[in-house]
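Structure first, commentary second.
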Amino acid sequence: MLLTLVSFFAILGIIVLVHELGHFFAARRGGIKVDEFGLGIPPRIFGFFKNSEGRWQMVGMKAKEASSTIWSLNWIPLGGFVKIKGEEGQNSQDEDSFAHKSVGRRIWVVSAGVTMNIILAVILLTVGLIIGSPQIIDENIPTVARISNQEFRIIEVLADSPAQQAGLAVADTVLSIDGQTFKQIFELQDYVNSRADQSTVLEIKRDEETLNIEVTPRLLAETNDIDLGIGLVQTGLVSFPWYVAPFYGVGETVKMAGAVAVGFYLMLENLIVNQQLIGEVYGPVGIASLVGDAARLGILYLIQLTAALSVIIAVINFLPFPALDGGRVFFLIIEGIRKKPVNQKLEATMHNIGFALLMLLVLIVTYHDIVRISGGFMQWGQKIINLF
């Protein structure tokens, strides 16, 4: 539990911080003053700024006008934020105000956070592909790739299945079955299929521990086959020479972004047309659970998941919905077409409504996360209590 929480806050912090750094550097590059760059979310613990004499001066919890950017540390350890001069339309006559700049310049500043999230994903995936990226081994692996540490990993355990009853878990590695090892996944599956209602011993690696778990395969309604009730994949570490890894890193990021966009479109289409939600939608608790699973698998899995989350946040954040960066870009495009700003009160109201709807969605999804993962609020609360 502690590993999950630490990993979750660290990854979320990195993704949000990189996003805000994109806005910061784009604003400064565009001659726009940044009033404050904060680590964490307010309330503020303390901050510093460089005064007119070139000396660093400390500020406390309360907001303070400063001649330069305030660098602050805040109480809630989730990423960071930038407060840009004129971002709400004020100070439009000042040359260093966001509101004073051209529509194109403002779109660039607003879009820079998403751009940085994509760049972060490319860097992480490239590093992973140089070191060795965990991937499913199939015929689509390029011939230039090097494959090592091949193994069979459990990625799903069906409820009330023999596997769950025996104590098998996601991320377990199957080393052997009844003392036999297998080179191909179909060989392992064929052997399990032949063991209907017979006690079978799986040698499992879990973290750094090796376990022998006895389980009896049986006919499952979910698969209509003799099965243990596990989803199994053959994985390995796929690496590339350093001089080609960046190309594959970019390619993987593009494919990932495309898959997220298509998946979101299909989910929205099905929700509107059929009033049904397809697939699993994860909120903060569900994502934290995924991060915990990745942390237990190792740093390479964390790198890969961080890249995926960075892409997901980038794609969703650029949707033309109020309160998101994409919504702000949408209003700027309208301003560019009309040749005059959108009414600030109307835009602010739309962003506030959009933010409220997003928070409501987060609460709903979080509730379903808790129910799905831990069986309800009482069990989840007890896990938090046990942590301390």
- request: Evaluate the relative contact order of the chain (contact order divided by residue number), counting alpha-carbon pairs under 8 angstrom at least 6 apart; express in whole percent.
  value: 17
statement: Relative contact order of region 203-271 (C-alpha contacts under 8 Å, at least 6 apart) in percent is 12
- prompt: Counting only protein heavy atoms and using a 1.4 Å probe, what share of the accessible area of region 28-67 belongs to carbon plus sulfur, as a whole percent?
  reply: 54
- prompt: Which whole-number percentage describes the relative contact order of region 55-191, with Cα contacts under 8 Å and a sequence gap of 6 or more?
  reply: 9
query: Counting DSSP beta bridges with both partners in region 1-155, what percentage is antiparallel, nearest 5?
result: 80
query: So which trypsin sites (Lys or Arg not before Pro) in region 309-367 end up in coil per DSSP with only 13 or fewer other C-beta atoms within 10 Å?
result: 339
- prompt: When the accessible area of region 156-276 is split by element with a 1.4 Å probe, what percent falls to carbon and sulfur?
  reply: 55
- prompt: Restricting the count to DSSP beta bridges whose residues both fall in the chain, what percent are antiparallel, rounded to a multiple of 5?
  reply: 90
- prompt: What accessible area per residue comes out for the chain, rounded to a whole number of Å², with a 1.4 Å probe?
  reply: 57
- prompt: Which distance in Å, rounded to a whole number, links the C-alpha centroids of region 165-235 and region 5-71?
  reply: 51
query: Helix-derived [θ] at 222 nm for the chain: sum -39500 (n - 2.57) over DSSP H runs of at least 4, divide by residue count, nearest 500?
result: -16500 deg cm²/dmol
message: Net charge within 13 Å of residue 80 by Cβ-Cβ distance, Lys/Arg positive one each and Asp/Glu negative one each, not counting residue 80 itself?
response: 0
query: For the cross-link pairs 85/345; 33/339; 33/83; 83/339, which exceed 21 Å when the distance is taken from alpha carbon to alpha carbon?
result: 33/339; 83/339
- line: Each label sits 7 Å from Cα toward the beta-carbon; between residue 151 and residue 57 the label points are separated, in nm, by 5.8
Per-peptide average of other Cβ atoms within 10 Å, ordering 34-43, 183-192, 122-131 highest first: 122-131, 34-43, 183-192
- request: Let me know the whole percent of all Cα-Cα pairs from region 117-191 that are separated by more than 15 Å.
  value: 69
field: Under 12 Å, Cβ to Cβ, from residue 180 - net charge with Lys/Arg +1 and Asp/Glu -1
entry: -2
statement: Share of Cα-Cα pairs in region 86-155 beyond 19 Å, whole percent, is 60
query: For region 316-358, list residues with backbone N below 16 Å from a point placed 7 Å from the Cα of residue 268 toward its Cβ?
result: 316-331, 354-355, 357-358
query: What is the local net charge at residue 209, summed over the other residues whose Cβ is closer than 14 Å to its Cβ (Lys, Arg +1; Asp, Glu -1)?
result: -1
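The values are calculated or read from the model by the stated rules, or taken from the named source; none is laboratory data. Quick caveat: nothing in here was measured; it's all calculated off a predicted structure. Backbone-built Cβ (ideal geometry, glycine too); neighbour counts: all protein chains shown. Accessible surface areas use protein heavy atoms only, side chains included; no ligands, DNA or RNA. Shrake-Rupley method; radii C 1.70, N 1.55, O 1.52, S 1.80 Å.
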